[in-house]
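Throughout, read-outs are computed from the coordinates displayed, never taken from laboratory work. It should be emphasised that the depicted structure is a prediction, and the values quoted were computed from it without experimental measurement. Quick reminder, even Gly has a Cβ in these numbers, built from the backbone with ideal geometry, and neighbours come from all protein chains shown.
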Amino acid sequence: MTLTEERAKSSPMRRLNKPDPTARSRGGQRFLLVGLIMASAYSLFPVWWLIVAATKDRTGLYQTNGMWFSDLHLWSNLHQVFTYEDGIFLRWTANSFLYAGVGSLGGTLIALATGYGLARFDFPGRGLVFACVVGSFLIPIALLTLPLYLLFSEIGLVDTPWAMLIPCLINPFSVYLAKVYTEATIPFELLEAARIDGAGELRIFFSIVLRMMTTGGATVFLLAFVNTWNAFFLPLTLLRGEDNWTLNIGLYNWSGKRAESGIDLTSLVLTGALLSIIPMAIMMVAMRRYWRSGVTLGALK
Amino acid sequence: MIRSLRWKGAAFTVPFQLGFVFLYLLPIGYAVYQSLYRSQSSGLGLGGSTDKFSGLDNYQQGLSDSAFMGSVLRVVLFACVQIPVMLLVSLALALCLDALTSKAASRFRIVLMVPYMIPGVVAAIVWLNLYSPDVGPLTSLGRVFGLDWNFFAPSMVWPSIGNLLTWHGIGYNMVIIYSALQGVPRELFEAARLDGASEWRIARSIKIPFVRGALVLTGMLSIIQMLQIFNEPALFRNVTPQTIDDSFTPIMIIYNQAFNAGNYHYAATLSVLLALILGVASFLFYRLTARETD
């Protein structure tokens, strides 16, 4: 808490002080730039290679220089990805959007309500609830997922969309973030004033608190969305049939086909991998502001 | 606070509490319960099996299971190498960014964050293909320098996975450390410069101690993730089953016990054990780093 507060205080000052040319030698500056450029090249070249690879056909992929384009086969690759096994790739994409979108939306709403309750009310057991939230960060995913598989198969939820959606509704990290955001944005006095005016608690939450928490809520949603989109162990365990798979599980399956049955789907896998990055990249760039504050805030508290 | 208001406040947390009971407490309880039983096939093994209470026998078996303990040790050793390397690189990059003008810094920051935007499974797929001797450019690049490396050789598997994890994790860790660096009061640098301190000295004596908290936190998160590593080795195994066996990491063993061997009781036992190991490791790491800051 103290770190972010200090950061907020010191940042206007910083902007005035920086840049500070007297303090650094030119040679030192150049050395830093070379280091950063090398790190950037390391970060970007695999992505570049993936883009190039997605435009090549099988022979191009195996026989030409991987870092540069040869004959353009992007359209036929896309056509192949979308029509392979009756367009199963589109189905996986829709599933990924369904689980990440709906699951995170529900999860965010529950998290905001819980965070608000924890931050602005003093009820017995509040400490215990918060301890559960923080304690759950240490629980290995296997400890939850395997018994969940058994419990869900008892009630017939395994291999249905519910198997992914229900676990997404309860996200302790979202609750933790929501509590932190409530503390930072909702003043006690405002709640008092609304109560004196005769507003009910539910109304206060839905028409005042939620509106003031749009930034915090968007961050919580974004992080939950990314997490669900990237999930691997949970869908691998709980979803058995191809129809309910996510993009991740589908690509995993395709990339294993070669060792398993000798069918080489490499160019399909790579084009699919590139496609599966796009929604995530658009989302992250569009919501850059929220995302940055979320990553750093969550980390510093 | 008025009594009725308290309860209304508590009501906001009820959906979460109910969900937590069903999705966290109940499964954990069920796993612990299962870990105390063993299934015994009745008769000739054809008539199904019954569960029999076995106390802590499963735990004894788990602790003396050389495949499981070996995989824990393997992952811990790997963590001791990969995490410091990744955090050092992230710290160095954060310090570099901090020394640039804010405009240049924000450009580099976006570029360096690109790997973090890529889902872990996709990142593994991309690197697997980069490593691949058939389609990847790295093998032929190595030949140019006279290196005949094979990224899928048994001795190269951990460095290959380590490079993948480092590539994927640098941006995220760098941003956390960088934002902690922004909190250092700039007056301190002026004072130090007036006293004749070099930039390197300022970084070492002011900046690094100041971001210690962020380093401890990123280190802790990395340890928690590393002990549970599954995706990357699973994808490697998918492509080169001959180098990575199915007991490579603790979670892989647990998954196989549950879904290939059908031994849920033992899988539950091992996941409880892994949770305990994770708790102990986090506690030790926390104590080790907290004592020095006091």
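Backbone amide hydrogens, once placed in the peptide plane, bring residue B:37 within less than 5 Å of B:54, excluding anything fewer than 5 places away on its chain.
From helices alone, chain B scores -22500 deg cm²/dmol at 222 nm; the rule is -39500 (n - 2.57) for each run of n ≥ 4 DSSP H residues, then divide by the residue total.
Highest GNM mean-square fluctuation among A:143, A:118, A:251, for chain A modelled with Cα contacts below 10 Å: A:143. If a/c stays under 1.5 just call it rounded; otherwise compare a/b with b/c (prolate if a/b is bigger, oblate if not). Do that for the range B:136-270, with a ≥ b ≥ c from the square roots of the Cα gyration tensor eigenvalues. Cα axes put the range B:136-270 in the oblate bin. Each Lys and Arg adds +1 at its Cβ and each Asp and Glu adds -1 at its Cβ; summed about the Cα centre, chain A shows a dipole of about 1360 debye. Screening chain B for DSSP H helices whose Cα atoms reach 30 Å or more along their own axis and whose mean Kyte hydropathy is at least 1.6 gives B:66-98. Over chain B, Cα pairs under 8 Å with separation of 6+ residues give a relative contact order of 25 percent. For the range A:240-247, 3J(HN,Hα) computed residue by residue from phi via the Karplus equation (6.51, -1.76, 1.60; θ = phi - 60°) reads 9, x, 3, 4, 9, 4, 9, 4 Hz, glycine and proline entered as x. The spacing between the range B:107-170 and the range B:174-205, judged by their C-alpha centroids, is 33 Å.
The charge dipole of the range B:140-207, taken about its Cα centre with unit charges on the Cβ of Lys, Arg, Asp and Glu (plus for the first two, minus for the last two), comes to roughly 20 debye. Comparing B:124, B:197, B:267 in a Gaussian network model of chain B (Cα springs below 10 Å), the most mobile by mean-square fluctuation is B:197. The HN-Hα couplings worked out from phi for the range A:209-218 by the Karplus form 6.51 cos²θ - 1.76 cosθ + 1.60 (θ = phi - 60°) are 4, 4, 5, 6, 9, 4, 5, x, x, 5 Hz, whole numbers, x standing for Gly and Pro. When the charge dipole of the protein assembly as shown is built from unit charges on Cβ atoms (+1 for Lys and Arg, -1 for Asp and Glu) and taken about the Cα centre, the candidate among A:136, B:228, A:64 whose Cα reaches farthest toward its positive end is A:136. Remark: the protein assembly as shown carries a charge dipole of roughly 1880 debye about the Cα centre, counting +1 on each Lys and Arg Cβ and -1 on each Asp and Glu Cβ.
Once every DSSP H run of n ≥ 4 in chain A is given -39500 (n - 2.57) and the sum is divided by its residues, what mean residue ellipticity at 222 nm do you get, rounded to the nearest 500 deg cm²/dmol? Display every interim value, and only then the final one.
Details: 15 runs with 221 residues, N = 301.
Taking each H run of at least 4 residues, the total per residue is -24000 deg cm²/dmol.
At each listed q (0.05, 0.07, 0.11 Å⁻¹), what is the log10 of I(q)/I(0) that the Debye formula gives for the protein assembly as shown modelled as equal alpha-carbon point scatterers? Here the Debye-derived log intensity ratios amount to -0.24, -0.48, -1.19. Think of the protein assembly as shown as a dipole: +1 on every Lys or Arg Cβ, -1 on every Asp or Glu Cβ, centred on the Cα centre; then among A:223, B:285, A:38, A:38 lies furthest on the positive end. Using the Kirkwood radius over Cα pairs, work out the Stokes-Einstein diffusion coefficient for the range B:62-293 at 20 °C and 1.002 mPa s, in µm²/s as a whole number. This corresponds to a translational diffusion coefficient of 107 µm²/s. Report, in degrees rounded to the nearest 10, the 0 to 90 angle that the Cα long axis of helix A:172-185 makes with the longest principal axis of chain A. Tilt relative to chain A: about 50 degrees. Pairs of lysines in chain A whose Cα atoms sit within less than 24 Å of one another amount to 5, provided the residues are eight or more positions apart or on different chains.
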